[in-house]
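The values are calculated or read from the model by the stated rules, or taken from the named source; none is laboratory data. Being a predicted model, the structure only gives us computed values, none of them experimental. As a convention, Cβ positions derive from the backbone with ideal geometry for all residues, glycine included, and neighbour counts pool all protein chains shown. Heavy atoms of the whole protein, side chains included, go into the accessibility calculation; ligands, DNA and RNA do not. Shrake-Rupley method; radii C 1.70, N 1.55, O 1.52, S 1.80 Å.
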Amino acid sequence: MAEYKILVVDDEPGIRMGTRRILQNFKVDYPFMDEHIEFVVLEAATGEDGIEIIDREMPDIILLDNKLPGIQGVEVLEYVKKKLYDIVVVMITSYASLELAVKATRDGAYDFIPKPFTPQELRGSIENITKQLFLKRMTQKMNKEGKLIRFQFLSVLSHELKAPINAIEGYVKMMNDRQFGDDMAAYQEMIDRMQERIKGMRSLIMDLLDLTKIESGKPVQHLESVNITGIAQISIDTMRPYSIQKDVDIYLNTKEKIMMDADPNEIEIIFNNLISNAVKYNRNGGRVDVFIESKKDAVVLQVSDSGIGMTDEEKARLFQDFVRIKNQKTKNITGSGLGLSILKKIVDMYHGEIDVQSVPDKGTTFTITIPVNAQT
Amino acid sequence: MKKTVLIVDDDMDYLFQMKIKVEQFGFETITADGQKEAEMIIETTRPDLAILDLMMENDDSGFILAYKIKRKYPDVPIIIATAVTAETGMTFDINSDENKQWIKADLFLDKGIRADQLQKEINKLLKI
Ligand SMILES: Nc1ncnc2c1ncn2[C@@H]1O[C@H](COP(=O)(O)OP(=O)(O)OP(=O)(O)O)[C@@H](O)[C@H]1O
């Protein structure tokens, strides 16, 4: 159990007592936090007393009335801000001075609670504040420990894994309950949706396996002389059934062997991702063109498609983990949003560069340039 | 007259399943598959309650939508449903001044909530 200290600064004894009573047995818990949080209420009748208690006790939350006998609430707020204390300040005000409260909020108060408040309102506010404070502190702590990115990754991952399981579970339950009587078509529809979700999960898991291989963090190790054109061909063959289904033609425009020192698995992951995206985000009857070129000091891989393209704003987010562009055009296309971030990690290992040219509704070209002598 | 519940989620399966559930509780439903569509709906229609997913077009679509619904219809109760509550805090900048003033949900719910509990929460918010 954790304990947050709440300081009430108000000259009305009724408010102080009320707050104490309302929060006495109140607990806040949060699904992913191991423990719940309880509250101790401290009281001050004036701003001066308040400041003294703040310095001594370091409360987590302050409920602050503005109209006080001596110094005003906003001055207490200023003090807390000046000292850079990690305290959430909430103004309690009567409706009449709402304007002032709004101003205080701009000056750094977290929120305000209009007075008089019901126990329910107070608890609700405290619950929100507590959650946010908890998250904020956890974020700071993890930032310090360098764990935040990992945590974000895991929390999005758990979302991505849970969503299809929830969907499938939901359908199984509906079928089990014979929700649609003997309307077989309705059940068939559910089966199709479940298969789609399973497919999505499978591709996510495959991507994750790729990712763990790369994330083991080592620089490229199994360098061997590989024929890039050959790998592109393998990748195209793998994608063929899918491209036929979507009526998209894939052309390998480079015929000659192009050799390079690389890990063949990694080059295959690059092509698989680019070509599968080029097919997936294409239109019916569209095409995909693959080029490989050997330059003096680099090998250039290029995959172009005649697909839906993307806006500049969408382009900017492409390579982040789990980013999927959500719009009308991509609505019914499943994917994990990991493919390109994996690709980027690999290209980085080779000190290569990725260029994306894209025009909405015209198509997209990914160009990857890998230097040939500067590899690790 | 039956009350109308607006359900917004970009996961079409969740949307469909939620719709069936809520209809079984005896409500009318309107569904939208994202923030944009939902915004169009509220232009012309006042639901009696709204159930919103949090992460749709953007990580905070649910919040924005909640804000817009409340601005237009202050009395409409709003439930924000999330799959992992961790989503809410971590991907979303809780400290920015802009954000903290407008998180206007009446209730946060876990998406995995049981149907009977969901029904109880909805009834409570609708005071029935
Ligand atoms: N060739 C392309 N044309 C248009 N949009 C694309 C293209 N390639 C990628 N995108 C956009 O970039 C996003 C991220 O792609 P990424 O490959 O990382 O994930 P994904 O396709 O969702 O999943 P997967 O890893 O299963 O392929 C996609 O959701 C898509 O919107």
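A few comments on the model shown:
- Tabulated pairs, the range A:271-284, first within 14 Å of A:Ile368 (Cα to Cα), second part of a helix (DSSP H, G or I) and within 8 Å of the ligand (Cβ to nearest atom), C-beta under 8 angstrom, 6+ apart or interchain: A:Asn273/A:Gly339; A:Asn273/A:Leu340; A:Asn273/A:Ile342; A:Asn273/A:Leu343; A:Leu274/A:Leu343
- Residue check, A:Asn327 under 25 Å from B:Asp33 (Cβ atoms), more than 7 Å from the ligand (Cβ to nearest atom) and either of a type in the set (A, V, I, L, M, F, W, C) or modelled with pLDDT under 90 (or both): yes
- Tally of residues being more than 10 Å from chain B (Cβ to nearest Cβ), part of a helix (DSSP H, G or I), at pLDDT 75 or above and open to solvent by 30 Å² or more (accessible area, probe 1.4 Å) across the range A:88-146: 5
- Criterion (within 14 Å of the chain's Cα centre (by Cα) and surrounded by fewer than 19 Cβ atoms within 10 Å (Cβ to Cβ)) met by exactly one of B:Arg46, B:Arg71: B:Arg46
- Complete set of residues in the range A:311-322 that are without any contact (Cβ under 8 Å) to a residue 60 or more places away in the chain and open to solvent by 20 Å² or more (accessible area, probe 1.4 Å): A:Thr311, A:Asp312, A:Glu313, A:Glu314, A:Lys315, A:Ala316, A:Arg317, A:Phe319, A:Gln320
- Test: A:Thr254 is in a loop (DSSP other than H, G, I, E, B), of a type in the set (Ser, Thr, Tyr) and open to solvent by less than 40 Å² (accessible area, probe 1.4 Å): yes
- Of the residues making up the range B:25-35, one or more are within 19 Å of B:Asp116 (Cα to Cα), without any contact (Cβ under 8 Å) to a residue 60 or more places away in the chain and under 13 Å from the mean Cα position of the chain (by Cα).
- Being within 13 Å of chain A (Cβ to nearest Cβ), open to solvent by 60 Å² or more (accessible area, probe 1.4 Å) and farther than 25 Å from A:Met194 by Cα is a condition met by at least one residue of the range B:26-36.
- Members of the range A:286-307 found to be within 16 Å of the ligand (Cβ to nearest atom) and open to solvent by less than 30 Å² (accessible area, probe 1.4 Å), listed by number: A:Gly286, A:Val288, A:Asp289, A:Val290, A:Leu301, A:Val303, A:Ser304, A:Asp305, A:Ser306, A:Gly307
- Within the range A:338-362, residues that are over 22 Å from A:Asp289 (Cβ atoms) sit with their Cβ atoms under 7 Å from residues that are within 10 Å of the ligand (Cβ to nearest atom) and open to solvent by 70 Å² or more (accessible area, probe 1.4 Å), at 6+ positions apart or across chains, in these pairs: A:Ser341/A:Gln320.
- Residues in the range A:263-282 that are open to solvent by less than 40 Å² (accessible area, probe 1.4 Å) and near the ligand (Cβ under 7 Å from one of its atoms): A:Asn273, A:Ser276, A:Asn277, A:Ala278, A:Lys280.
- Number of residues in the range A:48-74 that are surrounded by 15 or more Cβ atoms within 10 Å (Cβ to Cβ), more than 14 Å from A:Glu12 (Cβ to Cβ) and without any contact (Cβ under 8 Å) to a residue 40 or more places away in the chain equals 5.
- Any hit, the range A:191-198, residues being more than 16 Å from the ligand (Cβ to nearest atom), in the same structural domain as A:Leu343 (by TED's automatic domain parsing) and charged (D, E, K, R): no
- Against the conditions (1) within 9 Å of the ligand (Cβ to nearest atom); (2) modelled with pLDDT under 95; (3) open to solvent by less than 20 Å² (accessible area, probe 1.4 Å); (4) among the aliphatic types (A, V, I, L, M), A:Val347 satisfies every one except (1).
- Residue check, A:Ile258 more than 16 Å from the ligand (Cβ to nearest atom) and under 23 Å from A:Leu209 (Cβ atoms): no
- Residue list for the range B:1-24, restricted to those being in contact (Cβ under 8 Å) with a residue 24 or more places away in the chain, within 14 Å of another protein chain (Cβ to nearest Cβ) and open to solvent by less than 20 Å² (accessible area, probe 1.4 Å): B:Ile7, B:Val8, B:Asp9, B:Met18, B:Val22
Yes/no matrix, rows are residues, columns are (1) within 21 Å of A:Asn128 (Cα to Cα); (2) outside any helix (DSSP H, G or I):
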{"residue": "B:Thr29", "(1), (2)": "no, yes"}
{"residue": "B:Glu37", "(1), (2)": "no, no"}
{"residue": "B:Ile42", "(1), (2)": "no, no"}
{"residue": "B:Pro47", "(1), (2)": "no, yes"}
{"residue": "B:Ala50", "(1), (2)": "yes, yes"}
{"residue": "B:Met56", "(1), (2)": "no, yes"}
{"residue": "B:Phe63", "(1), (2)": "yes, no"}
{"residue": "B:Arg71", "(1), (2)": "yes, no"}
